[in-house]
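Before any comments, here is the structure.
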Amino acid sequence: MTSFPASVQEGIEFAAELFRKAKGAVVLTGAGLSTPSGIPDFRSEGTGLWSHDEPLEVASLNTFRTQPEKFYAWFRPLAGQIFNAKPNQAHIALAHLEEAGHIRSVATQNIDMLHQKAGSRNVIEMHGTLKTFSCTQCFQQTDSLPFLKPFVERGEMPRCPHCGALLKPDVILFGEQLPQKALSAAQHDCRACDLMLVAGSSLEVLPVASLPMQALDRGAHLIIINNSPTYLDVRADAVLTGDVAEVIPAIAEMVFNGRN
Ligand SMILES: [Zn+2]
């Protein structure tokens, strides 16, 4: 078992107590949840993904439309990392908590499908997903799996099986609206929950960053686990600074086997 500093251990015990008492907890996860699985934060600079291109420029709808080769050249290493990634202990612990009825839903900013791979069922993907592609001409949606391997290994840009036009991954690029259905579902759950856990998100990207506020305004408890401060730390019941892949399993362990 990992041993934590006393303050973190205290926070873990407190968080576990809140989870045991909660009737419908909602979890909000960001890039930090997948970094232990080897997936860099594709919206942040300094991750190695950005050489000369600014993220706002290359990961944008505009670049995809005007220079798809440039977009796909940038996207290829990230797609490769996602293609090969496995869920880590944080994903697995959250799936166990959901299975045991302690979590209502997981709203995520990640596009990597690792929550689903870990066994989470009610996952709200607010920034889209790499699970599917959509055709830029006939708009039909198609499963990404047959296209990912040739794209990752040989750089073949994915083309629509129906009309041959270029496919776009169903991930939300800069300059694109968030999927309204996912956002509404997340808002609904956040407003109805009595406990919200934010994990691996610095809460910097709107409108997702406003979700915990909606939970707080309706009287929910808030736990934040992140390795850097967020604007809501001051309002959280507990702020745990540490590795999500260690802290979340420790909370789950205590929910299942702890005292009380
Ligand atoms: Zn098509």
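Observations, loosely collected:
- Considering each residue of segment 185-200 in turn, none proves to be in a helix (DSSP H, G or I), in contact with a Pro (Cβ under 6 Å, 6 or more places away or on another chain) and touching a residue at least 60 places away in the same chain (Cβ under 8 Å).
- Selected residue (only one of Ile111, Ile124 is in a loop (DSSP other than H, G, I, E, B) and either open to solvent by less than 30 Å² (accessible area, probe 1.4 Å) or closer than 30 Å to Leu232 by Cα (or both)): Ile111
- Count - residues of segment 136-155 that are farther than 21 Å from Ala85 by Cβ, of a type outside the set (Ser, Thr, Tyr) and either over 24 Å from the mean Cα position of the chain (by Cα) or modelled with pLDDT under 95 (or both): 4
- Single residue of segment 142-165 satisfying the filter (among the small types (Gly, Ala, Ser) and surrounded by fewer than 14 Cβ atoms within 10 Å (Cβ to Cβ)) that is farthest from the ligand (Cβ to nearest atom): Gly155
- Residue in segment 50-71 that is assigned to a strand (DSSP E or B), surrounded by 17 or more Cβ atoms within 10 Å (Cβ to Cβ) and modelled with pLDDT of 95 or more present: no
- In segment 105-141, the residues that are farther than 23 Å from Ala186 by Cα and more than 16 Å from the ligand (Cβ to nearest atom): none
The values are calculated or read from the model by the stated rules, or taken from the named source; none is laboratory data. Predicted model only: the values in this text are computed from it and were never measured. Positions of Cβ are backbone-derived with ideal geometry, glycine not excepted, and every protein chain shown enters the neighbour counts. For the accessible areas, the whole protein counts, side chains as well, though only heavy atoms, and no ligand, DNA or RNA atoms are used. Shrake-Rupley method; radii C 1.70, N 1.55, O 1.52, S 1.80 Å.
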